[in-house]
């Protein structure tokens, strides 16, 4: 055997090990989701999508369109659809790619960057290879390095996210969106017109309407759906056309309404209601929501950018011109966004308190990916603010690996037991207040 043949054989063996580890991990987490009781009717298309991308390692189903990869919810999907392409989110929680990237980038880099480095190094993830262009909003220093890292892979466009949301910042972001529009037109080979952008608004708006209905139903008590199942639905939106995802979600919504009519619930017990916030939780790295619900709690709220936040705020058009639609996209991307990249994030505190009230939250898990400083920086303030309204908060730091699962399980179980101990006291306090009235 020649040295060249031997090297090729070694590369093939390494590739096969990567694929085997990747597909086995994804399949195992899909199996855990399926084994978790209470999944609604109609959830299978979302499982199939995650399985196709991660367990079967197939190409994204783009309806024959070019694929544009994005790394943040601040990239307006409407522009990509209007150009005749399909957007996919590339923020993966892949353990195997993370372990490859761990040997490439600095130790203290966040797991997302390590996973991106791992995918680039191996070149084995079809959804990454599908992309004709990638858009990277610069929300932290690590995102800058992602843009540089991927620059030899395909066309890269960076969006510089301002640190505040005043009118001048909105105007600057609009100028960047026009540059993005020109770049998309060049890469895809088609013009973005008033008609195509209007149709893209309609397409994305339909998915957002179904999501708003889903969130309304998810708030019901007793529980109609587990948070882990809801997060699988939200993660699958990264790899499905918006209208296809919306139609699939419509079927889930109908099944939840049917459950109400038939008085069916996920569990007869009153489980502690947990809100997840902090760093994004991305498939297959969904160990924390699964541990919460395997430990006797329920994920009743999700404020992460790969969850409900990513599609929650529809663009509001007050001027029906083309410029008016572009303004609506910039406004939606920045003004309601509670991302910690902004200098003043009072808005995020308000949003968390709103979610606590609307979802009857009894405890908050603040998830921090190791090395994700922008989220970690805000933990203390959020703990103090929620503590003032009597809501306990726990900080869980994790990585894209399974080595910390038992440690996380112990802390989550203890947190849920703490909430259970508080429940009788809170109930008695409420009864005393009612009696005094």
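Computed from the coordinates by the stated procedures, all read-outs in this text should not be read as laboratory data. All of these numbers come straight from a predicted model, not from anything done at the bench. No Cβ is skipped: glycine too gets one built from the backbone with ideal geometry, and neighbour counts run over all protein chains shown.
What ranking do 136-145, 414-423, 116-125 get when scored by the average of other Cβ atoms within 10 Å per residue, highest first?
So the order, starting with the most tightly packed, is 116-125, 136-145, 414-423.
Run the numbers on the stretch 12-436 and let me know its relative contact order in percent, using alpha-carbon pairs under 8 Å that are six or more apart.
On the way: 668 pairs, mean separation 78.0, N = 425.
This gives 18 percent for the stretch 12-436.
Arranged by the count of other C-beta atoms within 10 angstrom, fewest first, what order do 260, 53 take?
By the 10 Å Cβ count, ascending, the order reads 260, 53.
Highest mean first, how do 104-112, 352-360 rank when packing is the count of other Cβ atoms within 10 Å averaged over residues? Working shown, then result.
On the way: 104-112: 18.0, 352-360: 16.4.
Final packing ranking: 104-112, 352-360.
Roughly how compact is the chain, stated as its Cα Rg over 2.2 N^0.38 Å to two decimals?
Taking N as the residue count of the chain, the ratio is 0.99.
Compute a Gaussian network model of the chain, connecting alpha carbons closer than 10 Å, and tell me which residue from 79, 33, 276 fluctuates the most.
33
Looking at the chain as a GNM with Cα springs under 10 Å, which of 183, 287, 258 has the largest mean-square fluctuation?
258
Cut-off is 10 Å between beta-carbons; in what order do 88, 299, 374, 161 appear when sorted fewest neighbours first?
Details: 88 24, 299 27, 374 17, 161 21.
By the 10 Å Cβ count, ascending, the order reads 374, 161, 88, 299.
Packing-wise, with mean Cβ within 10 Å as the measure, how do 400-413, 331-344, 224-237 rank, highest first?
Details: 400-413: 15.6, 331-344: 17.6, 224-237: 24.7.
Those peptides, ordered most packed to least, come out 224-237, 331-344, 400-413.
For the residues 312, 245, what sequence is obtained by ranking on other C-beta atoms within 10 Å, fewest first? Write down the numbers at each step before the final one.
Values: 312 15, 245 24.
Final ranking by Cβ density, sparse to dense: 312, 245.
Tell me the relative contact order for the stretch 42-170 as a rounded percent, counting alpha carbon contacts under 8 Å between residues six or more apart.
Working: 185 pairs, mean separation 29.1, N = 129.
Computed value for the stretch 42-170: 23 percent relative contact order.
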